[in-house]
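Written below as structure tokens is the structure these notes are about.
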Number of protein chains: 2
Amino acid sequence: MKHLGLHKLCLIVLYGMMTTIVFGQENESDNQAHTFENMMVRIAEIEVEQDYLEEYISILKEEAEASVRLESGVICIYPMFQKENPTQIRLLEIYADKAAYESHLQTLHFKHYKVSTLSIVKSLQLVEMEAIDKKTMAKIFKKINTQ
Amino acid sequence: MKHLGLHKLCLIVLYGMMTTIVFGQENESDNQAHTFENMMVRIAEIEVEQDYLEEYISILKEEAEASVRLESGVICIYPMFQKENPTQIRLLEIYADKAAYESHLQTLHFKHYKVSTLSIVKSLQLVEMEAIDKKTMAKIFKKINTQ
């Protein structure tokens, strides 16, 4: 009887794990569709002082990483620079919604970045974007994690 | 004995599933690090004719979706337009490596896009980018799938 109990328990746990995997994935898509509807997409176009490029990149890297790790509403901050002109920085920023962005502006790590880079940034343009295909967005970025 | 056998079998299956989950994730990060090393990142800056904007967006959407779905080396093609100036299109393009990009240029869906939009595209600039933080890249984009 004891072994039968354990056997049943194992089957229940296995069934539970499989149910969680299958239904968890379905719920995930539902949430994605919901989240993407109100999301805020932006390309930040930043030009920095040549002499302080390395310092700037180090501060930016730290800030972007902390934002994505600590703030659930910061979906993505993806920093890049132009190969032919490395002082031209571009960030792809995606926030869950306007409120998530407002809350991001109040964080310590953002304030630290802002104050530390104030004299390094020569120009800053925040270009509001609209994603063309919200439906396949999860599929588009999913490959980054499965490659 | 029969029940004990089933119980052991269940435990083995459970252990196998957990090992796969834990080690699967580790292997995934290793592959990511490898892939990101040679990857090609680009922002395409495209201006299109106002009168054909809808037609252009529909063709682009189809091409971007097909590229990501059919080509393993196309990590991401993320199309956006500027909210204040919708004829200004921007694409974040990430290819596994140069070869993946060259192969993308030979696909039927890319050729179809190119021919169909030739008279709609007013200007095209392909800006080669360097990702600033390859190490945390998987984490950055992962949230898009878990939100």
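The values are calculated or read from the model by the stated rules, or taken from the named source; none is laboratory data. Values in this document were obtained by computation on a predicted structure and should not be read as measured data. Virtual Cβ from ideal backbone geometry, glycine too; neighbours counted across all protein chains shown. What goes into the accessible areas is simple: the full protein's heavy atoms, side chains included, and nothing from ligands, DNA or RNA. Shrake-Rupley method; radii C 1.70, N 1.55, O 1.52, S 1.80 Å.
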### Message
For a 19 Å ceiling on Cα separation, which of these pairs sit above it: B:Lys61/B:Lys111; A:Lys83/B:Lys98; A:Lys122/B:Lys135; B:Lys83/B:Lys111; B:Lys61/B:Lys83?
### Response
A:Lys122/B:Lys135; B:Lys83/B:Lys111
#### Entry: Simple spin-label estimate for B:Glu47 and B:Val115 in nanometres, 7 Å along Cα-Cβ
2.8
### Message
Using amide H atoms built in the peptide plane, which far-off residues or other-chain residues are under 5 Å from A:Cys76 H to H?
### Response
A:Ile94
### Task
Excluding B:Ser119 itself, calculate the net charge of residues whose Cβ lies under 12 Å from the Cβ of B:Ser119, where each Lys or Arg counts +1 and each Asp or Glu counts -1.
-1
### Task
Just subtract the alpha-carbon distance of A:Asn38 and A:Lys61 from 0.36 nm times their residue separation and send over the number in nm, one decimal.
5.7 nm
### Query
So how much accessible surface do B and A hide from each other in total, probe 1.4 Å, in square angstrom to the nearest 100?
5500
### Message
For A:Glu54, project a label point 7 Å along Cα to C-beta. Then give me every residue of the range A:97-135 with its amide nitrogen under 20 Å of that point.
### Response
A:116-122
### Formal net charge of residues neighbouring B:Met39 (Cβ-Cβ distance under 9 Å; K, R +1; D, E -1)
-1
### Task
Go through the range A:110-121 residue by residue and turn each phi into a ³J(HN,Hα) via Karplus (6.51, -1.76, 1.60, θ = phi - 60°); whole Hz please, and just put x for glycine and proline.
5, 4, 4, 4, 4, 5, 5, 10, 3, 8, 8, 6
#### Entry: Cβ-defined net charge surrounding A:Leu105, 9 Å radius [Lys, Arg +1; Asp, Glu -1]
+1
